[in-house]
Each structure stands twice: as structure tokens, then as C-alpha cells.
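Student: Sharing a structure here in C-alpha cells format.
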Amino acid sequence: MYDLLVKNGAVVSPSSTITCDVAVKDGKVAALGVFEAKEASRVIDASGKYVLPGSVEAHMHCQAPFQGCLGANDFFQQSVSAAFGGVTTFMDFANVFKGKSVLEAVKERAKEMSISAIDYGVHGKFVESPPEIIAEIDELVQFGTPTFKMFMTYKKEGVMSDDETLLRIFKKAKAVGGLPMLHCEDNAIAESNIEECQRRGEMSWVNFAKCKPVLCEAAAFAKAVYLAEYVGCAILVVHTTNRDALDTARRAHAKGQPVYVETGPHYLTLFDDLYEKEDGYLAICSPPLRTPAEKDALWEGIQDGTILITGSDDCTYDVNEKSAFIKKGSDGKWIQDFTKIVNGLSGIETRLPILLSEGVSKGRVSINRVCAITSTNIAKIYGCYPKKGVIAPGSDADIVIVDMDKELTLSKDVLHNNISYCLHEGFQVKGCPVATIAGGRVIVENGEFKGEKGAGRFLKRSIDPAYLARYGL
Ligand code: URP
Ligand code: ZN
Ligand code: ZN
């Protein structure tokens, strides 16, 4: 007897869409085929709908002290919001500062995340590279956390990794099967521009984006790619926004270099005109929002395989945190100073609907490609495939049922992220998750959350050496 049958849905993988039933037993996918309803304790009819592997969100920052703020959600609320967005596994970063053991920080993070209703993984983070910290990379890989982020900017905030640190970490990662994740913005360009704005007293939201232009990101991207080529290691570049960076990635891919590229749905749907608005501070994130032309370049990157993964880079700061360090003038308007705004946008719940709608409904990509960039490829690159990222016998029964006919107007009122605004307010989507199953348990159904606080399990990961040796999955 199965615990659950998801019947008659179109089961999606990156390479196929097959109408069949999915049988679930003890939290795992037991079989795919055609079954009688009486063979299971519970049946969900997915006729007319798509059945995808649960989304994997490998890029978010929850309860992460940054620029004086922490975020509105704890990890349980974050998992609720994630589940409504079809996410069944998420990963967050250890809170690391100079002098702190990265492994200890990873273990602390895992503990904090244990209140989650969905499975969770942890990434390390490096801000320095003394020998004892470099030695920890081996232990991180053993602990099941083989991915770690480094920032190429934010020197003043004390979180930037300098070039020597990048090189040391790249070398060690190559030796032990780790995957460095890079935030690519050139610090010299960003900080000299910011200092110039400060000298001139030109601190508008618009100038934030001007301080960190496309070439600021593309220069750092190219440096990271060349350093990785020199070392011969794989890298993953997060939140990529522009054609110049993608062209660098294409040149690397042509040589077989394992440079994995992520973009986020906000760069596909929101643009730098938001910074012209009075409340443009709510849209401050790094790299900044770009232009519709760059959005087209990103879609080309998704279509031709230059971009293999998406991440929401979710930072759920409410208005009180975004505006904590700015004041209004006597005219009732904000005295604009972009250096006082915490960087980051909310988006974990909207990633899948935005990609279904902008991608599949608008004919840019197939639902199979959406499956790849929201789940399968992420599970592969981050080292948790085929436990995650696929609906196949033996895999965790992490499933999202999608209704491509369902239309929704995005708004703060329909999201579950604990904040009082939505940058996508009024944005129409066609194609939505309607039920989410995590480890065989139905955790979202009929617009209701049915999951359990603390039900999520720590995900030990290990990356296939083939993905680290050569580009491709
Ligand atoms: O603005 C952003 N993206 N904030 C979150 C931290 C990061 O750089 O990913
Ligand atoms: Zn970043
Ligand atoms: Zn991030």
C-alpha cells in the first residue's frame, strides 16, 4: 500500500514530460506508472496539471546580520513562504566574520535552520584565509557543506575576500571537491564611485545603480573566471545580471571551464527605473537592477544554457529595516542616501511563478527548462542529486503540482513572507504552484499551509567530481 498517489499529472524532468502517476511510500518516490486509487491511502488528482520536482532554493539570506539588519522571517516562516512558492529544499549561508571558524558558523546555522518545515542545507562563507581557516574547507566538505560564498566587494563592511584569499580558497576547493560561489562586483569601481558620490553629496537611489554599473560586475566576473582558469577549479557565480558577464561565461564554457552561472527572477522582471521612485530604496540590491535589454540577454543565457540555475537571493527586509537609517526632510520626502539602505530583495515565494509565467506562458522556454533551472540543475551543482531535483524511484518525494492556467496578481496580500510591501505589486502571472509535497507530506494544498515546524532535515551534500572538472551536468 502506498502512502500517496499523485494521479494523472504530466510528470516533468529536464528532458521529458510524461503523463503518469507518482506513487509515494515512506517519504520517497516508490514508483512511476499507472496505479489504482485503492493502492494508496491518499490520492491527489493532478489531471490537467504538471508535476515537477520540488524547487530547490540555494540562494537566500534569512536571519543574516547585514548592514545593521536581520530580516523579517525566522526559518520556519521562511519555509512557509518557500513552500507556497513550490520550494521543498532551501539553503542559507553561515554567518561568518573575521576570526570566526567557518565550520562552527556552519554548524550554528544548521541548528538555527532546524525549525524549518522543509529540508535545508548550509553554505560556508569566507572573508579571510589564514591557514587554519583554509584547513577547514576539507572539514566543510566532509560535513556535507561543500559550497561557500565569497564577496568581491563590501571591503568597508569587512566581508570582502581579497585576491589572495580567492586564490587560496580556489586551490583548496579544487583539492577537496568544494565549489566556491562568487558575488562578482569590483570593489575598486564600486567604492571609488560611492566615495565620489559622497564627496558631491549625490546619494540618490538612482546613483546607487550608477555606482555599480554593468562593468563593475563584469570586471569582477572576468577576474573570477580567469583566476579559476588559472587554478583549474570550478566556480559558481551568483546573481548574474548582464550580457558582458554572460559573454565571459560563454568563452569559458567553450573551453570546457566549469563556470556555473545563476540569475534571479528579479533581474528578469524589475528594472533600474524603480530607483527613480520615492520608495526606490526598497529596490536596492546588489548587483543593482538593470535594464530591459539586460533582461533579454539573461533570457538568451537561459535558453542557450549559459545560465543553468536560478536563485531568488531572498532577503526579506520589511520597510522598517530598509528605512531604518534614513530620515524624511521637512517636505515629507526621504533624504536619499543609498549607503544607508540594507541591500537585498524578497523573492523566495515568487521565483517559480515568475519563471513559469515569464518563461513558459510567454513562450521563452519549455516547462522542462524551468524544471532544470529551479530544481534539477541546482540539485546537481550543489550536490544533492538524485535525492533532490528529480521525480524518480528512490528520490525524496519532493513534488510541486503546477497549474499553468492559474492566473494570479502578485501582491503583498497573496504572499506569506511577513513583510508589508511587494516589489511585484500588481504583476500578473499565469502559471502557479497549487500544491507542494515535501518528503511525502502534503505541506501546501488549497491555499493552506499543512506543514510542521521542525519537520525539515539537514541535507548533507557532496558534489559529483565530473561537474567540478568540466562544464556541464
Ligand atoms: O543585495 C543583495 N544581493 N543582498 C544579499 C547579499 C548578497 O549579496 O547576495
Ligand atoms: Zn551576493
Ligand atoms: Zn545573496
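Student: With the crude spin-label approximation of a point 7 Å out along Cα→Cβ, what separation in nm comes out for Glu452 versus Met404?
Tutor: Modelled inter-label distance: 3.6 nm.
Student: Then there is this: Give me Rg/Rg_expected for region 92-190, where Rg uses Cα atoms only and Rg_expected = 2.2 N^0.38 Å with N residues. Could the numbers behind the result be given before it?
Tutor: Details: Rg = 13.2 Å, N = 99, 2.2 N^0.38 = 12.6 Å.
It is 1.05.
Student: DSSP loop GluC sites (Glu not before Pro) in region 29-102 with at most 14 other Cβ atoms within 10 Å of their Cβ, which ones? Write down the numbers at each step before the final one.
Tutor: Working: sites: Glu36, Glu39, Glu57; in loops: Glu36.
Loop-located and lightly packed - Glu36.
Student: Using only the alpha-carbon atoms, how far is helix 214-231 inclined from the longest principal axis of the chain? Give it as 0 to 90 degrees, nearest 10.
Tutor: Computed tilt is about 70 degrees.
Student: Set Lys and Arg Cβ to +1 and Asp and Glu Cβ to -1, take the dipole of region 404-472 about its Cα centre, and tell me which of His416, Ile443, Tyr471 lies farthest positive.
Tutor: Working it through, the farthest residue towards the positive pole turns out to be Tyr471.
Student: Please state the charge dipole magnitude for the chain, taken about the Cα centre, from unit charges on C-beta atoms (+1 on K and R, -1 on D and E), reported in debye and rounded to the nearest 20.
Tutor: On the way: 53 positive and 61 negative charges, 151 e Å.
Here the size comes out at about 720 debye.
Student: Then there's this: Could you point to the residue in Pro213, Leu289, Ala234 farthest towards the positive end of region 201-322's charge dipole, with +1 and -1 charges on the Cβ of Lys/Arg and Asp/Glu respectively?
Tutor: Positive-end residue among those listed: Ala234.
Student: Percent of alpha carbon pairs in region 29-103 separated by more than 20 Å?
Tutor: On the way: 1509 of 2775 pairs.
Considering region 29-103, 54 percent of its Cα-Cα pairs are separated by more than 20 Å.
Student: Across 10 Å bins from 0, what is the distribution of all Cα-Cα pair distances for region 24-161, in whole percents?
Tutor: Histogramming region 24-161 at 10 Å steps yields 10, 33, 27, 15, 10, 4, 0 percent.
Student: Counting other beta carbons within 10 Å of each residue's own, what order do Glu294, Glu132 fall into, fewest first? The partial results should precede the final answer.
Tutor: Working: Glu294 23, Glu132 8.
Exposure proxy ranking, most exposed first: Glu132, Glu294.
Student: If you take the beta carbon distance between Tyr226 and Glu445 as r and set R0 to 45 Å, what does 1/(1 + (r/R0)^6) give as a FRET efficiency, to the nearest 0.05? Before the final figure, lay out each step's value.
Tutor: Values: r = 49 Å, r/R0 = 1.09.
Once the sixth-power term is evaluated, E becomes 0.40.
Student: How big is D, in µm² s⁻¹, for region 320-473 by Stokes-Einstein at 10 °C and 1.306 mPa s if Rh is the Kirkwood radius over C-alpha pairs?
Tutor: Approximately 86 µm²/s, per Stokes-Einstein.
Student: Could you compute the FRET efficiency for Asp162 and Glu300, with r as their C-beta to C-beta distance and R0 at 30 Å, rounded to 0.05? Write out the running numbers ahead of the final one.
Tutor: Working: r = 33 Å, r/R0 = 1.11.
Result of the calculation: an efficiency of 0.35.
Student: Follow-up. Fewest Cβ neighbours within 10 Å first, please rank Lys412, Lys98, Lys49 accordingly.
Tutor: Details: Lys412 15, Lys98 10, Lys49 21.
Taking fewest neighbouring Cβ atoms as first place, the list is Lys98, Lys412, Lys49.
Student: For the chain, take the longest principal axis of its alpha carbons; what is the angle in degrees between that and the long axis of helix 75-84, to the nearest 10 within 0 to 90?
Tutor: Value to nearest ten degrees: 60.
Student: Let me have the relative contact order for region 335-418, percent, based on Cα pairs under 8 Å that are six or more residues apart. Intermediate results must be reported in sequence, preceding the final value.
Tutor: Numbers: 44 pairs, mean separation 16.6, N = 84.
Relative contact order, region 335-418: 20 percent.
Student: When the helices in the chain are scored as -39500 (n - 2.57) per DSSP H run of 4 or longer and the sum is shared across all residues, what 222 nm value do you end up with, to the nearest 500 deg cm²/dmol?
Tutor: Details: 15 runs with 142 residues, N = 473.
Calculated at 222 nm, the ellipticity per residue is -8500 deg cm²/dmol.
Student: Under a point-charge model restricted to the Cβ atoms of Lys and Arg (+1) and Asp and Glu (-1), what is the dipole moment magnitude of region 150-267 relative to its Cα centre, in debye to the nearest 20? Intermediate results must be reported in sequence, preceding the final value.
Tutor: Details: 15 positive and 15 negative charges, 66 e Å.
Dipole of region 150-267, to the nearest 20 debye: 320 debye.
Student: At 7 Å along Cα-to-Cβ for each site, give me the label-to-label distance between Ser114 and Ala135 in nm.
Tutor: The answer from the label model is 2.7 nm.
Student: Using the 2.2 N^0.38 Å rule of thumb for compact globular proteins, work out how region 193-261 stacks up: its C-alpha Rg over that value, please.
Tutor: Details: Rg = 15.0 Å, N = 69, 2.2 N^0.38 = 11.0 Å.
Relative to the rule-of-thumb radius for its length, region 193-261 sits at 1.36.
Student: Volume per residue, Å³, of the convex hull around the alpha-carbon atoms of region 193-311? Don't skip to the end; give the middle numbers.
Tutor: Working: hull volume 11.3 nm³, N = 119.
Cα convex hull per residue, to the nearest whole number: 95 Å³.
Student: How many angstrom separate the Cα center of region 374-452 from the Cα center of region 34-87?
Tutor: Each part reduced to its Cα centre gives a spacing of 4 Å.
Student: Quote the charge dipole size of region 334-381 about the Cα centre in Debye, to the nearest 20; the model charges only the Cβ of Lys and Arg (+1) and of Asp and Glu (-1).
Tutor: Working: 6 positive and 3 negative charges, 46 e Å.
That gives region 334-381 a dipole magnitude of about 220 debye.
Student: I'd like the orientation of helix 292-304 relative to the chain: the angle between its Cα long axis and the longest Cα principal axis, in ° from 0 to 90, rounded to 10.
Tutor: Roughly 50 degrees between the two axes.
Student: By count of other Cβ within 10 Å, fewest leading, how are Val414, Val34 ordered? Can you show the working numbers first?
Tutor: Details: Val414 14, Val34 10.
Final ranking by Cβ density, sparse to dense: Val34, Val414.
Student: Let me check the size of the chain from its C-alpha atoms; what are the radius of gyration and Dmax in Å?
Tutor: Just the Cα atoms of the chain yield Rg and Dmax of 21.4, 74 Å.
Student: Report the gain in length on full extension from Ala254 to Asp273: 0.36 nm times residue separation, minus Cα-Cα distance, nm rounded to one decimal. Each step should come with its number before you reach the end.
Tutor: Details: separation 19, 0.36 × 19 = 6.84 nm, distance 3.47 nm.
Taking Ala254 through Asp273 to full extension adds about 3.4 nm, to one decimal.
Student: How much length is gained if the chain between Asp331 and Arg42 is pulled fully straight, taking 0.36 nm per residue apart and subtracting their Cα-Cα distance, in nm to one decimal?
Tutor: Numbers: separation 289, 0.36 × 289 = 104.04 nm, distance 6.08 nm.
Net length gain for the segment: 98.0 nm.
Student: Taking Rh as the Kirkwood radius computed over C-alpha pairs, what is the Stokes-Einstein D of region 281-334 at 37 °C in a medium of viscosity 0.692 mPa s, expressed in µm² per second? Please report the intermediate quantities before stating the final value.
Tutor: On the way: Rh = 14.2 Å.
The diffusion coefficient I find is 231 µm²/s.
Student: While we're looking at this one, here's another question. Calculate, in nm to one decimal, what Glu196 and Ser366 gain on full extension: separation in residues at 0.36 nm each, minus their alpha carbon distance.
Tutor: 56.7 nm
No lab work stands behind these numbers, since they all come straight from the coordinates. Everything quoted here is computed from the prediction, not taken from an experiment. Cβ sites come from the backbone with ideal geometry, for glycine too, and all protein chains shown count toward neighbours.
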